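Reviewing the structure listed below.
Bear in mind these aren't lab numbers, they're just calculated from the coordinates by the rules spelled out. All values reported here derive from a predicted model rather than from experimental measurement. All Cβ positions, glycine included, derive from the backbone under ideal geometry; neighbour counts span all protein chains shown.
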Amino acid sequence: MNIGWLYLFIAGIAEIFYAATIVKTDGFTRLLPSIFCCIFIGISVYLLSLATRSIPIGTAYAVWVGIGAIGTAIYSILALGEAYNLIRILCFLCILVGIIGLKLSALMN
């Protein structure tokens with residue numbers, strides 16, 4: 001596995017952490033959640049930048065956002081009680097299929 005893909009996966013996980021935490025910052029007025037959020041923003045963007053050394057930016061960015069979107073949606077449904085329905089789940093599955101497709105297309109290059 002290309003190390004760039006590992007960086008990208010971890011960057012996506014860090015994005016989930018900061019997205020999940022940003023609601024607890026209360027508009028960056030609460031110190032500890034704000035610090036935690038900023039640390040994970042930095043980690044996420046830094047690892048994304050490392051991933052772009054070997055993965056084209058268009059692919060890397062799309063995968064990064066997709067991991068963050070799906071992970072944050074799962075977190076918000078499970079931990080925050082956010083509403084969900086079949087159409088919403090199907091749309092997130094479409095994002096997941098896109099991420100898998102981008103990874104597979106990279107293997108063909």
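List of remarks:
- 0 to 90° range, to nearest 10: angle between helix 31-51 axis and the chain longest Cα axis: 0
- Simple spin-label estimate for Cys38 and Ile74 in nanometres, 7 Å along Cα-Cβ: 3.0
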